[in-house]
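Read-outs throughout are calculated quantities, based only on the coordinates presented, and are distinct from any laboratory measurement. Keep in mind that this is a model prediction, so the values were computed, not measured. We place every Cβ from the backbone using ideal geometry, glycine too, and count neighbours over all the protein chains shown.
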Amino acid sequence: MGHPSGSRGGHEDLFTDRQRRQSPRGPGPPGGACLMSPTERAKERNWTSTFPRQYLKPCLSWCFFTEDTGRAEGTLDQMVDQVTQSIVFVQKRYPGNQGIYLCGHSAGAQLAAMMLLANWIKHGVTPNLKGFFLLSGVYDLEPIMHTSENAPLLPTLEDAQRNSPLWQLETAPTQPADPACRILVTVGQHDSPEFRRQSREFHQTLCRGGWKASFAELHDVDHFEILWNLTQEDYVLTQIILKTIFQQS
């Protein structure tokens, strides 16, 4: 728990099966990495322990990224950089992993989606990214840049556009580094119209760019229930995530 990484105090909570005895730097299992917004993380820290422990298997590990920039002096650029550094850390620590899968909810989905645009060459490592599970995400930041919570993070239109994966992929299409990498974009039936619009448009943009993307609107759930229901093993989204990981590993 709380393994430090990055330059501003970010850390990872690593969960793995106790029966696994492989060297940390040797071959490793596929891993799931989950991201939430700073506000959600503060409220749901117990969830971040419950979910991975419930689904730990000898062939699957989980990592929860926590950044420390959800404060007035932090910027979204710094948050994106910390997530990038965390993925670099995991890849270097487990270079023989069978795949890294990112799961992000709400603002965490925006952070995960920004990893599609990361310049891994400058970090000296190419992470073995095999899949993205994006839940009720925000991919176009311009409509929310003037809200009280987001104004300190996005002082200018350029800041919002630079950190909007939807805008970035529409204006400068990025080709998939791994054509087999799967991206699942999901949204709740009772999510707000803006979340539903952005999710559909982001999925369409990914498909036009040649990404292996799929879309699902989950029945009878709102913005938060879509996340909480992942603690249920028989929940449809939980099964989709686990099935995707195990099929590709």
Per-residue HN-Hα couplings for the stretch 119-135 [Karplus 6.51, -1.76, 1.60; θ = phi - 60°; Hz; x = Gly/Pro]:
8, 6, 4, 6, 9, x, 7, 10, x, 7, 6, 10, x, 10, 10, 10, 10
Expressed in angstrom and rounded, the centroid-to-centroid distance over alpha carbons for the stretch 181-214 and the stretch 137-170 is 17 Å
Diffing the stretch 233-239: the Karplus 3J(HN,Hα) column from phi (6.51, -1.76, 1.60, θ = phi - 60°), in whole Hz with x for Gly and Pro, holds 5, 8, 5, 4, 5, 4, 5
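Note down the relative contact order for the stretch 92-156 as a percent, whole number, built from C-alpha pairs under 8 angstrom at least six residues apart. Walk me through the numbers on the way to the answer.
Values: 67 pairs, mean separation 24.7, N = 65.
That works out to 38 percent.
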Ranked from fewest to most other Cβ atoms within 10 Å of their own Cβ, 114, 79 fall in the order 114, 79
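Take 122, 243, 92 and order them by how many other Cβ atoms sit within 10 Å, fewest up front. Before the final figure, lay out the partial values.
On the way: 122 7, 243 10, 92 14.
Listing 122, 243, 92 from fewest to most nearby Cβ atoms yields 122, 243, 92.
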Using a Förster distance of 22 Å, how high is the FRET efficiency between residue 196 and residue 236, based on the Cβ-Cβ distance and rounded to 0.05?
0.80
The answer for GluC sites (Glu not before Pro) in the stretch 66-157 that fall in a DSSP coil and have at most 14 neighbouring Cβ atoms within 10 Å is 73, 149
